[in-house]
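**Q** Below are the structure tokens for one structure; questions will follow.
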Amino acid sequence: SSVIGAGAAAGGMDKKSIFHFSDAGAAADFLKEITGAGDVVLVKGSRGMKMERVVEALRRGDDL
């Protein structure tokens, strides 16, 4: 959530490294653009956001 992003910024994280997405598809699209072979991605989110869809899209390399 944007609250978590604000907390990360308050804790010293560079704001350029904080991203917020409205849905799993948008997150997957972004991650596919910035990741490559050998990268490791930690996906954390609520069950309601269906974050498993992000993981599957990254594994397959396709869109949600």
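**Q** Do the conditions hold for VAL40, that is, is it open to solvent by 100 Å² or more (accessible area, probe 1.4 Å), on the phi < 0 side of the Ramachandran plot and either more than 9 Å from the chain's Cα centre (by Cα) or not acidic (Asp, Glu) (or both)? Write out each step before concluding.
**A** Working: open to solvent by 100 Å² or more (accessible area, probe 1.4 Å): yes; on the phi < 0 side of the Ramachandran plot: yes; either more than 9 Å from the chain's Cα centre (by Cα) or not acidic (Asp, Glu) (or both): yes.
It is true that VAL40 is open to solvent by 100 Å² or more (accessible area, probe 1.4 Å), on the phi < 0 side of the Ramachandran plot and either more than 9 Å from the chain's Cα centre (by Cα) or not acidic (Asp, Glu) (or both).
**Q** For GLY25, indicate whether it is at pLDDT 90 or above and either outside any loop (DSSP other than H, G, I, E, B) or exposed (fewer than 10 other Cβ atoms within 10 Å of the Cβ) (or both).
**A** No: the conditions fail for GLY25.
**Q** Given the conditions (1) modelled with pLDDT of 85 or more; (2) among the aliphatic types (A, V, I, L, M); (3) part of a loop (DSSP other than H, G, I, E, B), and given that LEU64 satisfies all but one, which numbered condition is not satisfied?
**A** Every listed condition holds for LEU64 apart from (1).
**Q** Then there's this: Restricting the search to the range 11-22, which residues are open to solvent by less than 90 Å² (accessible area, probe 1.4 Å) and outside any loop (DSSP other than H, G, I, E, B)?
**A** Correct list: SER17 only.
**Q** Inspect the range 42-60 for any residue being closer than 18 Å to ILE4 by Cβ and polar (S, T, N, Q) and give the result as yes or no.
**A** yes
The values are calculated or read from the model by the stated rules, or taken from the named source; none is laboratory data. Please read all numbers here as calculations on a predicted model, not as lab measurements. Glycine gets a Cβ as well: all are built from the backbone with ideal geometry, and neighbour counts include every protein chain shown. Each accessible area value is taken on the protein alone, full model and side chains, heavy atoms only, with ligands, DNA and RNA left out. Shrake-Rupley method; radii C 1.70, N 1.55, O 1.52, S 1.80 Å.
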